[in-house]
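Trainee: Just passing along the structure, written as structure tokens.
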Amino acid sequence: MLKMAAEEGNRVISREQPNSVLTLTDVTGTSFDQQSVTALKAMVAANAPYVKRAAVIGISGLQSLIYDAVQAFSKRKIPHFPTREQALEWLSNE
């Protein structure tokens with residue numbers, strides 16, 4: 001399911017103008033396997049030219065290792081926030 005969501009997200013985002021998209025990813029309760037981590041890494045890297053700002057919420061436990069791996073692979077710094085409201089506030093500030 002995560003792989004399909006990543007592919008659809010990439011399809012939608014890649015149609016936008018470069019450096020124009022704001023993204024909020026909620027991984028609350030998400031479980032990851034090697035295939036989904038690979039898909040997530042590829043999506044984050046491929047979307048980089050289109051994303052102006054990105055934020056993540058819902059990271060807990062071992063998810064932080066995957067979060068770090070995705071950032072390292074994509075060479076992007078994507079801040080994570082404890083709440084949706086904090087993430088949206090950060091995304092909307094220029």
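Trainee: Just one of (1) β-branched (Val, Ile, Thr); (2) at pLDDT below 90; (3) within 10 Å of the chain's Cα centre (by Cα) trips up Thr38, so point out which.
Mentor: (3)
Trainee: Conditions first: (1) open to solvent by 30 Å² or more (accessible area, probe 1.4 Å); (2) in a loop (DSSP other than H, G, I, E, B); (3) in contact (Cβ under 8 Å) with a residue 12 or more places away in the chain. Arg15 passes all but one, so which condition is the exception?
Mentor: Result: Arg15 passes all but (3).
Trainee: For segment 57-94, give me each residue that is at pLDDT 90 or above and open to solvent by less than 20 Å² (accessible area, probe 1.4 Å).
Mentor: Ile57, Ile78, Ala87, Leu91
Trainee: Please indicate, with yes or no, whether at least one residue in segment 20-31 is modelled with pLDDT of 85 or more and in contact with a Phe, Trp or Tyr (Cβ under 6 Å, 6 or more places away or on another chain).
Mentor: Yes, that holds for at least one residue.
Trainee: May I ask you to list the residues in segment 22-41 that are over 13 Å from Arg76 (Cβ atoms) and of a type outside the set (Ser, Thr, Tyr)?
Mentor: Selection gives Leu22, Leu24, Asp26, Val27, Gly29, Phe32, Asp33, Gln34, Gln35, Val37, Ala39.
Trainee: Another question about this same structure. Could you tell me whether any residue of segment 72-80 is on the phi > 0 side of the Ramachandran plot, not in a helix (DSSP H, G or I) and not aromatic (Phe, Trp, Tyr)?
Mentor: Scanning segment 72-80 turns up at least one residue that is on the phi > 0 side of the Ramachandran plot, not in a helix (DSSP H, G or I) and not aromatic (Phe, Trp, Tyr).
Trainee: Touching a residue at least 40 places away in the same chain (Cβ under 8 Å) and either at positive phi or not hydrophobic (A, V, I, L, M, F, W, C) (or both): is that true of Arg84 in this structure?
Mentor: Yes: the conditions hold for Arg84.
The values are calculated or read from the model by the stated rules, or taken from the named source; none is laboratory data. Owing to the predicted nature of the structure, the values given are computational and were not obtained by experimental measurement. Glycine also receives a Cβ, built like all others from the backbone with ideal geometry; neighbour counts cover every protein chain displayed. Areas reflect the complete protein model, heavy atoms only, side chains present, ligands, DNA and RNA absent. Shrake-Rupley method; radii C 1.70, N 1.55, O 1.52, S 1.80 Å.
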